[in-house]
1. Would a scan of segment 281-289 turn up a residue that is farther than 20 Å from Lys343 by Cα, out of contact with any Asp or Glu (no Cβ under 7 Å at 6 or more places or on another chain), small (Gly, Ala, Ser) and more than 13 Å from the ligand (Cβ to nearest atom)?
2. Mind listing whichever residues of segment 306-317 are more than 8 Å from the ligand (Cβ to nearest atom) and over 11 Å from Ala282 (Cβ atoms)?
3. Would a scan of segment 267-280 turn up a residue that is modelled with pLDDT of 95 or more, surrounded by 14 or more Cβ atoms within 10 Å (Cβ to Cβ), part of a loop (DSSP other than H, G, I, E, B) and more than 16 Å from the ligand (Cβ to nearest atom)?
4. For Leu295, indicate whether it is aliphatic (A, V, I, L, M) and within 12 Å of the ligand (Cβ to nearest atom).
5. Kindly list, by first and then second residue, each pair from a residue in segment 128-139 that is closer than 14 Å to Glu236 by Cα and outside any helix (DSSP H, G or I) to a residue that is among the basic types (Lys, Arg) and open to solvent by 20 Å² or more (accessible area, probe 1.4 Å), limited to pairs with Cβ atoms under 6 Å and residues at least 6 apart or on different chains.
6. Among what's in segment 236-252 and is among the aliphatic types (A, V, I, L, M) and over 25 Å from Glu264 (Cβ atoms), pick the residue that is nearest to the ligand (Cβ to nearest atom).
7. Look at Glu283 and say whether it is closer than 26 Å to Asn319 by Cβ and touching a helix residue (DSSP H, G or I) at 6+ places or on another chain (Cβ under 8 Å).
8. Taking helices (runs of 4 or more DSSP H) that do not extend beyond segment 1-94, which have at least 2 residues that are open to solvent by 50 Å² or more (accessible area, probe 1.4 Å) and modelled with pLDDT of 85 or more?
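The values are calculated or read from the model by the stated rules, or taken from the named source; none is laboratory data. Small disclaimer: the values here were computed from a predicted structure and weren't measured. Backbone-built Cβ (ideal geometry, glycine too); neighbour counts: all protein chains shown. Areas reflect the complete protein model, heavy atoms only, side chains present, ligands, DNA and RNA absent. Shrake-Rupley method; radii C 1.70, N 1.55, O 1.52, S 1.80 Å.
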Amino acid sequence: MPTQNKYSGMDDTVSIYAQLQDELGLTISAAETLDALETIRVAELGKKGRITSMMKELGKLDGEARKTAGQGLNALKTQIALTIEQRKAELDQAALNARLMAERIDVSLPARPQNQGLIHPVSQTIDEIVAILGEMGFVVAEGPDVEDDWHNFTALNIPPDHPAREELDTFYLPGGGELGDKDEGENERHVLRTHTSPVQIRTMENQQPPIRIIVPGRTYRCDYDATHSPMFHQVEGLVVDKKTHMGHLKGCLIEFCRAFFGVEDLPVRFRPSYFPFTEPSAEVDIGCTREGGGLRIGHGDDWLEILGSGMINPKVLDNCGIDSTIYQGFAFGIGVERMAMLKYGIPDLRTFYESDLRWLRHYGFSALHTPSMVGGLER
Ligand code: DAH
């Protein structure tokens, strides 16, 4: 770098200033930090800076030379100040960009799975059933766990002497009058609902067809062993319309079974049965094999009963104020725990309610794995 004395007082001041301007321009643009830039500014334009000193030296020149040198030096000084300002703006911007990059949150990243908390198999299974049937156009309906006699039994064509009403099976609540009457008011007998079917009645009493509902919920029966629990879950299904027929029932349930178990050509069998609220009634069996000890769902030489169904008994429609000469439909009832046990190989129903965390860690589901027809239902 030439010294200041070498420049000041020289004849060809303009070209010297131009050369200095070029050199300083390079030095300034090479400054990588704001500190480095400030050092250059102080060294050139500061009180004791080189260009400041050169300005002071001008006094030693005389006349025309001082004027020419003065103009040139002023232009140089302005230019250098400007170049420093521009570089400073560049460095500021770069610093801002670097900060923005460093502080950037990538919102497209998938959330990190938290290993705390798992979805209980009952909830997971209900979600799966709802996802499949929701895709078919069913909407979720709900009803109370404490039911009256009318909704739980009578309206469903379950007469007072039906075995389902026996104290042995049903949890009756204290108080209440005779069985089988509709308008007993406060005196009516109340029960913990023994199935989700009363929500069929509640829906049809309040809504004219077309109806297409599913009812996931808790149900209660006085029973306790490896496959029965006093509280368990069902998903009820109900379709009412003018032209709904047995073909719809079969198509819907075959499709449901295949989607739920993830077996595309799963054999599904409809076996004649009896329920008071459906006529005809059918129990649904799926194909399986028990060869080699365990149970495998799919093709095989055996059948496994999984749900109850049927065409709605016209008496039930009439009980709800729906004209059975115009409307018909089908209904079905799925046992949630049973479906979960079959799909996920859980051997004992009682373990569902023991709140054993080791059990939940083994059979539970990640909160991020939401079942859907699109995303798949498998674990
Ligand atoms: N409510 C029956 C039960 O708890 C299950 C059931 C069977 C429901 C057939 C239905 C049906 O809607 O059509 O055992």
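1. Taking every residue of segment 281-289 in turn, none turns out to be farther than 20 Å from Lys343 by Cα, out of contact with any Asp or Glu (no Cβ under 7 Å at 6 or more places or on another chain), small (Gly, Ala, Ser) and more than 13 Å from the ligand (Cβ to nearest atom).
2. Once the filter is applied, which keeps residues that are more than 8 Å from the ligand (Cβ to nearest atom) and over 11 Å from Ala282 (Cβ atoms), segment 306-317 yields Ile306, Asn313, Pro314, Lys315, Val316, Leu317.
3. Yes; the residues of segment 267-280 include at least one that is modelled with pLDDT of 95 or more, surrounded by 14 or more Cβ atoms within 10 Å (Cβ to Cβ), part of a loop (DSSP other than H, G, I, E, B) and more than 16 Å from the ligand (Cβ to nearest atom).
4. On the way: aliphatic (A, V, I, L, M): yes; within 12 Å of the ligand (Cβ to nearest atom): no.
No: the conditions fail for Leu295.
5. Phe138/Arg212
6. So in segment 236-252, the residues among the aliphatic types (A, V, I, L, M) come out as 238-240, 246, 249.
Filter once more, keeping what is over 25 Å from Glu264 (Cβ atoms): 238, 240.
Numbers: Leu238: 7, Val240: 12 Å.
Applying the filter and picking the extreme gives Leu238.
7. On the way: closer than 26 Å to Asn319 by Cβ: yes; touching a helix residue (DSSP H, G or I) at 6+ places or on another chain (Cβ under 8 Å): no.
No; evaluated as a whole, the condition is false for this residue.
8. Helices (runs of 4 or more DSSP H) meeting the threshold: 13-30, 34-45, 50-57.
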